[in-house]
Amino acid sequence: MFRVRKNDLAYYQFDNLRYLDGVTHGIFTRRGGVSQAPFDSLNVGATVGDNPGDVEANRQRIAAVVGVPPENTWTTWQVHSARVIVARRDAPQGYPPEQADGIITADPGVLLMMRFADCVPMIFFDPKKRVAGLAHAGWRGTVAGIGPATVNAMVAEFQCNPQDIIAGIGPSIGPCCYEVGPEVLAQVHETFIDADEFILSSVNGSGAHLDLWKTNRHDIQAVGVRKIEVAGLCTACHPHEFFSHRAEAGRTGRFGAVIMLNGD
């Protein structure tokens, strides 16, 4: 990934997407906003206890960096599901937003945004059909299959070919830090035949750790996506750069991931 600074904000872009025409994307850090500790400073999560005015100001700052009015932003009420919605420019989003963990669009100028603090951001772009997608995958969403669901929605709604889709798996909690309990392991084993490939039995003498990066990569490969970049940045290892629910004991903000099709 490549780190960019603009308007005092810092964000990361995938190498496999940043030079492509027709799309703008970014995984924003926690830097460059107005929120006070422990949400300092670019928190875009409205349900974590931060001042609502500061959250809105931070969202406006991200929209300004991308170059769109804030009202062009589409998001979801994230519920760790495999539900995907379609964002359309001629159908403004209502409030509260729909419950879903994936968004896709074929309309230029619609900014898709979701919020993260250890869960996996997944970005999708089909340069042939000009379709963009964004997904949020914690362990529940991963087990539910939000990655494949997003790809399948792009195929069903816009006739995308999965082999044309370029995907990025963004900064999130890594296998180095993501120790999980028996209830999570049981669901991973129930869902994936090759679950042992995604589980580290011990890390530095601790319990089992789940590799969300490898699991989600495997999951979208299974539905035909071949062009995948994995950031390999652990949010729990870098709480100075990203919000991390686990590293900060739950008292923290949410960083934003965005993607938008360029054009009129």
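Computed from the coordinates by the stated procedures, all read-outs in this text should not be read as laboratory data. All values reported here derive from a predicted model rather than from experimental measurement. Positions of Cβ are generated from backbone atoms using ideal geometry, with glycine treated the same way; all protein chains shown enter the neighbour counts.
Taking the DSSP beta bridges in region 2-261 as the whole, what percent of them are antiparallel, to the nearest 5?
75 percent
Based only on other Cβ atoms within 10 Å, what is the fewest-to-most ordering of 120, 223?
Going from sparsest to densest Cβ surroundings: 223, 120.
Need one number: nm distance between label points at residue 3 and residue 95, each 7 Å from Cα along Cα→Cβ, rounded to one decimal.
The modelled label-to-label distance comes out at 3.5 nm.
Ranked by Cβ crowding within 10 angstrom, fewest neighbours first, how are 103, 166 ordered?
Starting with the residue having the fewest Cβ neighbours, the order is 166, 103.
By the scheme Lys and Arg +1, Asp and Glu -1, what is the net charge of all other residues having a beta-carbon under 15 Å from that of residue 73?
Local charge sum for residue 73: +2.
Scan around residue 230 for amide H atoms under 5 Å from its own, H built in the peptide plane at 1.01 Å from N, and keep only partners 5 or more places away or cross-chain.
Amide H to amide H, under 5 Å and 5 or more residues apart or across chains, residue 230 pairs with 169.
Taking only the alpha carbons of region 14-96, what extent do you get along each of the three principal axes, in Å, biggest first?
The principal-axis extents, from largest down, are 37, 30, 26 Å.
Each residue of region 131-138 in turn: what ³J(HN,Hα) in whole Hz from Karplus with 6.51, -1.76, 1.60 and θ = phi - 60°, glycine and Pro shown as x?
Per residue, the Karplus-derived 3J(HN,Hα) values read 10, 10, x, 9, 9, 10, 10, x Hz.
Within the P(r) computed for region 175-233, what percentage of the Cα pairs occupies the region above 15 Å?
50 percent
Using the Cβ atoms and a cut-off under 14 Å, what net charge is assigned to the surroundings of residue 240, where Lys and Arg are +1 and Asp and Glu are -1?
0
Expected output is a single nm value to one decimal: the length gained when fully extending between residue 159 and residue 237, i.e. 0.36 nm times separation in residues minus the C-alpha distance. What is it?
Contour length minus Cα-Cα distance gives 24.2 nm.
How would you rank 238, 25, going from fewest to most other Cβ atoms within 10 Å of each one's own Cβ?
Ascending number of Cβ neighbours within 10 Å: 238, 25.
In whole Å and largest first, what semi-axes does the C-alpha gyration tensor of region 117-165 yield when each eigenvalue is scaled by 5 and square-rooted?
Equivalent-ellipsoid dimensions as semi-axes: 21, 11, 7 Å.
Using a basic spin-label model with each label point 7 Å from the Cα along Cα→Cβ, how many nm lie between residue 15 and residue 60?
Each label point lies 7 Å from its Cα, and together they span 3.8 nm.
Could you state, as a whole-number percent, how many of the C-alpha pairs of the chain are farther apart than 28 Å?
Distances greater than 28 Å cover 28 percent of the Cα pairs.
For the chain, what is the calculated [θ] at 222 nm in deg cm²/dmol (nearest 500), taking -39500 (n - 2.57) for each run of four or more DSSP H residues and dividing by its residue count?
Value at 222 nm, helices only: -6000 deg cm²/dmol.
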